[in-house]
Amino acid sequence: MNTKKTVEPSAGAKLHPRRNVQSKLKINSHRTPRSSILCGVTLLLTLGSPSVSWANGLALNEQSASAAGTAYAGRSSSAIDASTVYGNPAGLSKIKKIEVSGGLALIDAKVNISDARSTAPGTTDGNSVPLTAVPFGYFSSPIDDRFTAGIGLYASYGLVNDYESSFQGRFHGSYSKVQVKTLHPAVSYRLNDRVAIGIGATFNRIENNLQSYLATGALNNGKDTLLTVKGNDTAIGYNLGLMVDMNESTTWGLTYHSKLDFHVDDHTKISDSPGALGIDGNYDIRMDVTLPDSVDTSFTHRFDERWTVYAGAIWTRWSRIQRIEAINSGLPSLGQQLGFGAVGDDFKLHNTVSTAIGVSYQLSSQWLLRSGLASDPSPARNSDRNVRLPVGNRKALAFGAAYSPNSDMTLDIAYTYLWESTTSVNQIDTTGLQPGFSAKYNNSAHIIAAQLTHRF
């Protein structure tokens, strides 16, 4: 249990220029909707989450408990169950029966804040991420000797954080919830005994709710202005897969996940602002957000009937996110003059390559044991991080097991411990309405996943 830490203003504190692709929630008298910007960006660089898995990538990994046991190593080269719809649609060709598979991942994230400094008083409790559940489900069915169809429903991106109301950095972000839900029908075709291809369309819906404050207490009887940004949109993408049995022991897989272009429409709500400004109300918002495409490749090698090793890498084009601009409409003239009309943020993200290696051991006819280790670098530099997504370079150690009481049923469970390198958040006040905030973050998470697969 954390002890609430109260931090008084530090005189003369030097705060350096400052999600991850999320922005610095710069909403101030002349820059409000940076929160809107965040809305899209945050989702993307964060631990992934409706879950809080912070997919560094800010893309969620929690789409399969069977893959989680090896830290997702070999995801594109192994067709363990119907969840291959996501991992590699070409793998559907290896599933010979009708299958239903579904499960849940529980994420318990810990956020430890230290060395906090600001020109404003407040607290730094940390642990701003609530316990989060991420569900997923899949179905697959052979059509004939060559074609197999499948469909999946899962969360592909997400973020959740909820700081205490007195959080010292609340002027740069107090509450965030961003999630992308995906419906993914797919089909595979076996070209020959060794090669299969797969393709799938993805129907994605983004939903976000972001809040932050402006320090207007001195002008408003001690009351700060609350900014709330809500929005949603849908986007269509696609996945392509190739799976090759190089020999009887080794399989190579390749999966491409397309970019997603969202055009978020909804509103920005300004409340509790100084009455003299006359800007309280709801205003239409539009923001274009592009989530990056990625390439996943891996090898699966079976040494014998008991031992199998997996190794893979994922390249993600985070460089697609360089600048995000939000546009608010319907503002009174004063709001326009204050700069609330169009606001942008530069993110300057760079592409990343994450890697993973795993192993499985067939203990008996009923039990399979798994383990894996993964490394996931952050796409953002210290200068680009903020309180909404203070994620760093990540490591993950995973253990898993599969229990099959018979050939038609399998229960998969997995545990993952995830930890990040210490990161710095440095956000400055350029308007007088967002007191500067700097701190060090140490993040970690415990993730438990379970999945039940039934074959007909």
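If we scan segment 283-290, do we find a residue that is among the polar types (S, T, N, Q) and in a loop (DSSP other than H, G, I, E, B)? For segment 283-290, residues among the polar types (S, T, N, Q) and in a loop (DSSP other than H, G, I, E, B): absent. For segment 244-258, the tally of residues that are assigned to a strand (DSSP E or B) and either within 30 Å of I206 (Cα to Cα) or of a type in the set (G, A, S) (or both) stands at 5. Among the residues of segment 248-269, those identified as more than 22 Å from the chain's Cα centre (by Cα) and at pLDDT 95 or above are S249, T250, T251, W252, G253. Quick check on my filter: what residues within segment 336-369 are among the small types (G, A, S) and at pLDDT 65 or above? S354, A356, G358, S360, S364, S365, listed by residue number. When D261, D265, D224, D162 are checked against the criterion of being surrounded by fewer than 18 Cβ atoms within 10 Å (Cβ to Cβ) and over 20 Å from L60 (Cα atoms), a single residue qualifies: D265.
Each residue in segment 75-97 was checked for being surrounded by 24 or more Cβ atoms within 10 Å (Cβ to Cβ) and of a type in the set (K, R), and 1 pass.
For segment 65-93, the set of residues classified as farther than 19 Å from A374 by Cα and of a type in the set (G, A, S) consists of A79, A82, S83, A90, G91, S93, listed by residue number.
Inside segment 184-243, can you point out the residues that are in a strand (DSSP E or B), modelled with pLDDT of 95 or more and among the aliphatic types (A, V, I, L, M)? Answer for segment 184-243, where residues must be in a strand (DSSP E or B), modelled with pLDDT of 95 or more and among the aliphatic types (A, V, I, L, M): A186, V187, V195, A196, I197, I199, A201, A235, I236, L240, L242, M243. Among all residues of segment 398-406, there is at least one that is under 20 Å from V353 (Cα atoms) and surrounded by 22 or more Cβ atoms within 10 Å (Cβ to Cβ). For residues that are of a type in the set (V, I, T) and within 26 Å of the chain's Cα centre (by Cα), scanning just segment 424-445, find the one that is surrounded by the most Cβ atoms within 10 Å (Cβ to Cβ). Selected residue: V425.
When G173 is tested against (1) crowded, with 20+ Cβ neighbours inside 10 Å; (2) within 17 Å of V264 (Cβ to Cβ), only condition (2) is not met. State yes or no: is K181 over 15 Å from N88 (Cα atoms), at pLDDT below 90 and basic (K, R)? When the stated conditions are applied, K181 does not pass them. Residue-level check: of (1) surrounded by 15 or more Cβ atoms within 10 Å (Cβ to Cβ); (2) modelled with pLDDT of 90 or more, D304 misses just (1). Scanning segment 259-269 for residues that are assigned to a strand (DSSP E or B) and of a type outside the set (A, V, I, L, M) yields D261, F262, H263, D265, D266, H267, T268, K269. When you go through (1) surrounded by 24 or more Cβ atoms within 10 Å (Cβ to Cβ); (2) outside any loop (DSSP other than H, G, I, E, B); (3) more than 23 Å from the chain's Cα centre (by Cα) one by one for S114, which number turns out not to apply? Exception for S114: condition (1). Does segment 122-142 include one or more residues that are surrounded by fewer than 17 Cβ atoms within 10 Å (Cβ to Cβ), among the hydrophobic types (A, V, I, L, M, F, W, C) and more than 15 Å from A67 (Cβ to Cβ)? Scanning segment 122-142 turns up at least one residue that is surrounded by fewer than 17 Cβ atoms within 10 Å (Cβ to Cβ), among the hydrophobic types (A, V, I, L, M, F, W, C) and more than 15 Å from A67 (Cβ to Cβ).
The values are calculated or read from the model by the stated rules, or taken from the named source; none is laboratory data. Please read all numbers here as calculations on a predicted model, not as lab measurements. Here the Cβ is made from the backbone with ideal geometry for all residues, glycine too, and neighbour counts use every protein chain on show.
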